[in-house]
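The values are calculated or read from the model by the stated rules, or taken from the named source; none is laboratory data. Quantities reported herein were computed from a predicted structural model and do not represent experimental measurements. Here the Cβ is made from the backbone with ideal geometry for all residues, glycine too, and neighbour counts use every protein chain on show.
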Amino acid sequence: MKKLISLLLAACMVLTLTACGGGGGGGKKPEDTKIVVWVGEESAEFYQKACDDYVAAHPDFGYTITVKGMDTGAVAGTVTNDPSAAADIFTVAHDNIGKLAATQCAKPITDESLIRQVKADNPASFQNVIYSSLNGQTYLYGVPYISQALFMYYNKDKVTEQQAESFEGLREAAKAAGTKAITVTGDDGFNNSFALLATRVSDHATTVKIYQGADAASGGSKGTSYCQGDDTVAIVRWLQEYAADPNGFKWASSDGWEADLKNGGALAVIGGAWHYNSAKAALSETNLGIALIPTFTLTAAACEGLSDVKAGDVYRGGTFADCKVFMINAHSDASKYAALQTLVKYLSSKEVQNESYLNCLNVPAYVGASEFIKSCFDGGKVTESQYMLACKQVEMAEWGIPQPFLTGTLNTYYYSKNAPAVLRAMIDKTAYPTTGDVIISETESLEGIRKGLYMMEYLWMHGQNPKDFPSPLPVQA
Amino acid sequence: MDSTLNKVPKKKTIDLFEPIGEAISNFRKRFEDGSLGTKLSHFIFGAGNFYHKQYIKGAIFLLLQIAIILFMVLCPSINGTPYGWKALYNLSLTHLHEGGDFDPMTGEFSIGSDCKLIILFGFVTIAVIIIYFLLWGMSISSSFKADMDEKIGKKPTSFIDDLRELLDSRFHITMLTPTCIAALVFTILPTIFMIALAFTTYNSQDMNDIGTNLFHWNGLQNFRAVFTGEGSLGVEIKNRFMPVLGWTFIWAIFATLSCYFGGIILALLINKKGLKGKKIFRTVFIFTIAVPQFISLLAVRNLLGEYGPVNSMLVNLGWIAKPIGFLGLHPGDSENLAKVMVIIVNMWVGIPYTMLMTSGILMNIPADLYEAARVDGASTVKMFMKITLPYVIFVTTPYLISSFVGNINSFNTIFLLTGGGPTYTGYQAGGTDLLVTWLYKVTIDQGSYNTGAVIGIFTFLITATITLITYRRSKAYNEEDTFQ
C-alpha cells in the first residue's frame, strides 16, 4: 500500500513537472486572427474600447483585438526577454527603439500612408529618434502617440503663481514656510535633466551635447557629447549654492517625494504627467499648482572665473521631451503585417490621441495638440489642473530635447554608468567616487567641477571611469 | 613513521587510476567473454536482449538508440534554433547568422541566431549524448547479465521480471528516477547554463543575444576582471568585491548569532517554570512569523524613514535637529549606522523562528538530567552551560549552518530595508549590499549577465566551502549516532 501511494505521488510529481515545462517553454503564439496590443496600465480600458469601435466600424478587418495594460517602463525588458511571447503591437518610451530594433524584437514600419501620417503629425524632434537601422538601411520603427516632459507641481497654498516662476521665488516662499523650496522625483539621468539641460532664456542656448550626430546605421556611432562648457559649470555651481541653502533644493526623502510634498518637506517637485495622481493625493486638487520648470539667475559667485557666462544671465530648467511609441513585434506572423500597420495608424491618429487625453490624460504627441487641449478646457471637459498639466507639458517640450539614445549602448552608458551619481556628488559637494582608482577628492572648487563634468562626459562616451585626469583636461572626453 | 608517510601518496595514485583501469579491462573482458549478442550490443542497442529472447527490453533499447540517433542527425529545432549535431556545431558561437532579412512588401522577417538558446540547446544535446552512452553501457551489461545467468543455468530475466523487481528489491530506483530527471531538467541544466554565461561577453549594454553584436565566449576574462579591473564593470568588481564579501560575512555571522541566541534566551524565558500565560507569549511572538516578512520589513522601513514616527519623535523632543538616515537611504548617510540597524531589524524577523524551534527542544530535554544535576549541587548557570546549551547546540547545528548560508543570501532583508545603501557614489554596490543584492543590481540594473554569473559562482563557492567545512567538523555530523 505504502509503495502504491509513493508511486502515485511520484507520478503526480512527474505530471506536474511536465505540465510546468510544457506551459513555460511553449511560448504559444496567438491565433492568426487575433491581435494583441500592450499599452500602459492606465490606458488599457480606453484602447480596448477604441479597438472594439474600430473592429465594429470595419467588418472586413478580419481580426479580433485584445488590449492588455502593462507597466510601460518594463515592457522593453519583457519584450527582449521573450519576444515570441510578447504582443503584436506594444508601447515603449522611444529611447528603447534602438535596443529593440538591434535585437530583432521589432519590425520596421513600411506602410507609406502611415509613414506620411507620422511625418505630417509629429514635431521634427521626435522624427529624429524614431528611426533605426536594419542591415544598413534606415527604417521607421516607432510611431509616437503620447508626449512626455518634466514640469513642476507646487503647493498653491504656500507658493504664489509668480513665485512659482523662478527658483528664487520658490526660495522666498520656502523661507516664509520654514522649509525647502523644491525637490525631484529621483536622482537618475532622466530627472537630473532639469539641471543638465537648462538653457539660457534669451536664446534657448546650451553648450551641452548628448550623442549629437549619433548614428545607429554606421556601426552605432556615438556622435559627439559635451558637457564641460562654462554655462554647465556655472549651472552646477549655482545648484550647489541653491542646494546648500536651508530653503533651497533637496533630494527626495527616503520616504519618497510624495512624503516631502505632503509633509511640507518641500513646496514643489519636478515631475511628469505620470506623477499627477500621486501629486494630487499629496496636495489635494485645490492646492495642486502646475507650472513650467522655473527659471534661475546666475549669481556672481557661480560665474567667477568663467568667461562665457555672466552674472544675471537667466536660465530655465530643462527636460527630456520624449514620446511613447507603438512598435510592431518582429515575431508576429507576416500575414498580419498589413493589418498591424493599419491598426497602428488608427491608434496613433490625432482623433484617438485626443480621446486618449480626455479619457486617460495622455498628452498627445502631434504638433498643434495645445489647441485641442485648450478647447477641452474651454468646453469644461477637463479640470483646471488637468488642463494645466497638458499645457505646461506641451510648453516645456519646447525647452527640451528627446532622449537621443539611438542604441541600447548609449542608453546604458548615459543612465547606468554612474554619470548621474557624479552630478549628484557635485551638487552635494562630496568626493567622487568614495573609493576606487580615479578619485575627485572634492567637487566644490572650479577644478573639482571641471573634473566631474569631464568624468560624466567620459562615462557617456566610454561607459567607464577615465583612467586618469590629464592636465589640461581634453575638450572632448 | 617514514614508511607511513611514503605510503600515503602512493595509495592515492592507485586510488585514482585503479577504477579506470579496472573499467577498461572489464569492458574488454565483457566483449571477449560475451555471447554474440553481447558483442553485437556494442553496436546495436538491445541486440543482446533479442539474442536472449528478451524482446520487449531489446525493443526499448533499440528504439531509444534510433530516437537519439535521429535526434542527433535530423536536428529538430525550436524557434529556429536546432538541437542535435548542429547544436554542438553552433555551441562555439562562431557560426552565427545575424538574420534580419526583411521584405517590406510582405512583412516577412527572418530572426537571426539566438545565442541564449544555442547555449542551452548545446548543453541539452551534450546531456542527450551522455544519456546515449549510459544506455549503451546498460544495454551491454543487460546482455552480459543474461549471458552470465545462462552460464549458471538460470533463465535470463524477462521484462516483466525486471518491472516486478523495480517494484520490489529495486524500488529505490523507481522512486529516484523521476526526481533525478526533474533535478537534471529543472536544476542542473539551468545551473550549467548560468555558469556558462560567466565565460561569455553577454551583457545587455553592447552585446545582444539576437541580432547584431552577438555575444561570444571569452574564457576566463570575466574572472580575471575581479583581480585586474578590466572590462566595463571591471573597476567596480575589483574595488568593491572584497569590501562586499567582508560585509557579507560580518552580516551573516551577526545576523545568525543574534537571532540564534536571542531566540534561545526568549525560549528560556518563556519556558521558565512558574511563568503564567506561556501560550499567550508564544503566540504573540509567532505573530511576526504569520505576517509576511516583506510587510514587516517595509513597515520598519517606514517607521525609520525621514518622516517616520521615530525621526518625528526625536525631532519633536528636540534630541536631534534633523532626521537621522537610519537605513542609509541617502548617499551621505552613515554606513555603520545602517549596518547596525539592519542587524537589529533582522532580529525582529529572525528570532521567533529560533524561539519556536528551541522551545520544542527545551521541552524534550529529559527532566531527570536537571534533577541529577541539582542533586549534585550544580548552579542554574552551570546547568545551562552543561546541559541546556550543549543539548540545544547539538540539535540545532545543521539549522545554524543553513541559517548562516541563508543569511549570506539574505536578499529580502537588505533589499527591502536599505536597498544596499548608502550608495557609494560611482558604484552599484553600496555600504550594506551583500553579494546577492549586488548580483541583482549588476544583472537587473546593469544588464551585465556575465559579471553577475561570476559573482554568483564566487558566492556559491564560498557558501559551499563554509558549509562543508563547518558541517563536517560539527558534533552533529561526527557523532550523529551517539545522540539519544
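Checked against the criterion of being more than 27 Å from A:PHE90 (Cα to Cα) and either surrounded by fewer than 20 Cβ atoms within 10 Å (Cβ to Cβ) or in the same structural domain as A:LYS250 (by TED's automatic domain parsing) (or both), region A:128-136 contains not a single residue that satisfies it. For beta carbons closer than 9 Å, sequence separation of 6+ or different chains, a first residue in region B:220-240 that is without any contact (Cβ under 8 Å) to a residue 40 or more places away in the chain and a second that is part of a loop (DSSP other than H, G, I, E, B) and among the acidic types (Asp, Glu), the qualifying pairs are B:GLN221/B:GLU230; B:ARG224/B:GLU230; B:GLY229/A:ASP437; B:VAL235/A:ASP437; B:LYS238/A:ASP437; B:LYS238/B:GLU230. Could you list, in sequence order, all residues of region B:401-419 that are under 20 Å from the mean Cα position of the chain (by Cα), surrounded by 19 or more Cβ atoms within 10 Å (Cβ to Cβ) and not in a helix (DSSP H, G or I)? Correct list: B:SER410 only.
Restricting attention to region A:432-473, the residues that are of a type in the set (A, V, I, L, M), within 12 Å of chain B (Cβ to nearest Cβ) and in contact with a strand residue (DSSP E or B) (Cβ under 6 Å, 6 or more places away or on another chain) add up to 1.
For region A:368-385, filtered to residues that are touching a residue at least 24 places away in the same chain (Cβ under 8 Å) and either more than 20 Å from the chain's Cα centre (by Cα) or surrounded by 24 or more Cβ atoms within 10 Å (Cβ to Cβ) (or both), the residue that is nearest to A:PRO123 (Cα to Cα) is A:SER370. Put simply, of B:LEU214, B:LEU233, B:LEU176 the only residue that is under 28 Å from A:ASN418 (Cβ atoms), within 14 Å of chain A (Cβ to nearest Cβ), under 27 Å from the mean Cα position of the chain (by Cα) and among the hydrophobic types (A, V, I, L, M, F, W, C) is B:LEU233.
Within region A:274-330, considering only strands (runs of 3 or more DSSP E) that don't extend past its boundaries, which have at least 1 residues that are farther than 30 Å from A:ILE115 by Cα and touching a Gly at 6+ places or on another chain (Cβ under 8 Å)? Here the list reads A:295-297.
Applying the selection to region A:115-144, what residues are closer than 19 Å to A:ALA369 by Cα and outside any strand (DSSP E or B)? Residues satisfying the conditions are A:ARG116, A:GLN117, A:VAL118, A:LYS119, A:ALA120, A:ASP121, A:ASN122, A:PRO123, A:ALA124, A:SER125, A:PHE126, A:GLN127. Quick check: anything in region B:126-143 of a type in the set (Gly, Ala, Ser), part of a loop (DSSP other than H, G, I, E, B) and farther than 30 Å from A:ASN135 by Cα? No: zero hits.
One residue stands out in region A:200-235 among those that are of a type in the set (Val, Ile, Thr) and crowded, with 22+ Cβ neighbours inside 10 Å: the one that is farthest from A:PRO294 (Cα to Cα), namely A:ILE210. What residue, among those in region B:179-211 that are among the small types (Gly, Ala, Ser) and assigned to a helix (DSSP H, G or I), is nearest to the other protein chains (Cβ to nearest Cβ)? My answer is B:ALA182. Taking the listed residues A:PHE61, A:PHE46, the one that is in contact with a Cys (Cβ under 6 Å, 6 or more places away or on another chain) and either surrounded by 13 or more Cβ atoms within 10 Å (Cβ to Cβ) or at pLDDT 90 or above (or both) is A:PHE46, with no other qualifying.
Do we find that A:LEU361 is among the hydrophobic types (A, V, I, L, M, F, W, C), on the phi > 0 side of the Ramachandran plot and under 22 Å from the mean Cα position of the chain (by Cα) in this structure? Judged against the criteria, A:LEU361 is a match.
Annotation: of all residues in region B:291-323 being of a type in the set (A, V, I, L, M) and farther than 18 Å from B:ASN346 by Cβ, the one that is farthest from the other protein chains (Cβ to nearest Cβ) is B:LEU317. Residues satisfying the criterion are absent from region B:339-357 (criterion: assigned to a loop (DSSP other than H, G, I, E, B) and either among the hydrophobic types (A, V, I, L, M, F, W, C) or not assigned by TED's automatic domain parsing to the domain that holds B:LYS273 (or both)).
Within region B:370-386, is there a residue that is of a type in the set (A, V, I, L, M, F, W, C), assigned by TED's automatic domain parsing to the domain that holds B:THR437, over 19 Å from B:LEU268 (Cβ atoms) and not in a loop (DSSP other than H, G, I, E, B)? Yes: one or more hits. Inspection of region B:246-262 identifies no residue that is away from chain A (no Cβ under 14 Å) and on the phi > 0 side of the Ramachandran plot.
In the condition set (1) outside any loop (DSSP other than H, G, I, E, B); (2) within 14 Å of another protein chain (Cβ to nearest Cβ), A:LEU406 is compliant with all but (1). Scanning region B:187-231 for residues that are among the hydroxyl-bearing types (Ser, Thr, Tyr) and in contact with an Asp or Glu (Cβ under 8 Å, 6 or more places away or on another chain) yields B:TYR202, B:THR212. Here B:VAL454 clears all of (1) among the aliphatic types (A, V, I, L, M); (2) surrounded by fewer than 24 Cβ atoms within 10 Å (Cβ to Cβ); (3) away from chain A (no Cβ under 14 Å) except the condition numbered (2).
Looking only at region B:161-173, which residues are within 11 Å of another protein chain (Cβ to nearest Cβ), in a helix (DSSP H, G or I) and either more than 27 Å from B:TYR55 (Cβ to Cβ) or not aromatic (Phe, Trp, Tyr) (or both)? Residues satisfying the conditions are B:LEU166, B:LEU167, B:HIS172.
Of the residues B:ILE140, B:ILE173, the single one that is surrounded by fewer than 14 Cβ atoms within 10 Å (Cβ to Cβ), farther than 30 Å from B:GLN221 by Cα and either of a type in the set (Val, Ile, Thr) or in contact with a Pro (Cβ under 9 Å, 6 or more places away or on another chain) (or both) is B:ILE173. What single numbered condition from (1) over 30 Å from A:TRP257 (Cβ atoms); (2) modelled with pLDDT of 90 or more fails to hold for B:MET313? Looking at each condition in turn, B:MET313 falls short on (1). Selection of first residues in region B:275-292 that are touching a residue at least 12 places away in the same chain (Cβ under 8 Å) and assigned by TED's automatic domain parsing to the domain that holds B:ILE265 and of second residues that are surrounded by 10 or more Cβ atoms within 10 Å (Cβ to Cβ) and small (Gly, Ala, Ser), restricted to Cβ pairs under 8 Å at least 6 apart or on distinct chains, gives the following pairs, ordered by first then second residue: B:ARG282/B:SER359; B:THR288/B:SER296. The single condition from (1) of a type outside the set (Val, Ile, Thr); (2) away from every other protein chain (no Cβ under 14 Å); (3) farther than 30 Å from B:VAL226 by Cα; (4) within 25 Å of the chain's Cα centre (by Cα) that A:ASP428 fails is (2).
Just to verify a result, which residue in region A:295-308, among those that are crowded, with 21+ Cβ neighbours inside 10 Å and within 30 Å of the chain's Cα centre (by Cα), is nearest to A:ASN191 (Cα to Cα)? Ranking the candidates gives A:PHE296 first.
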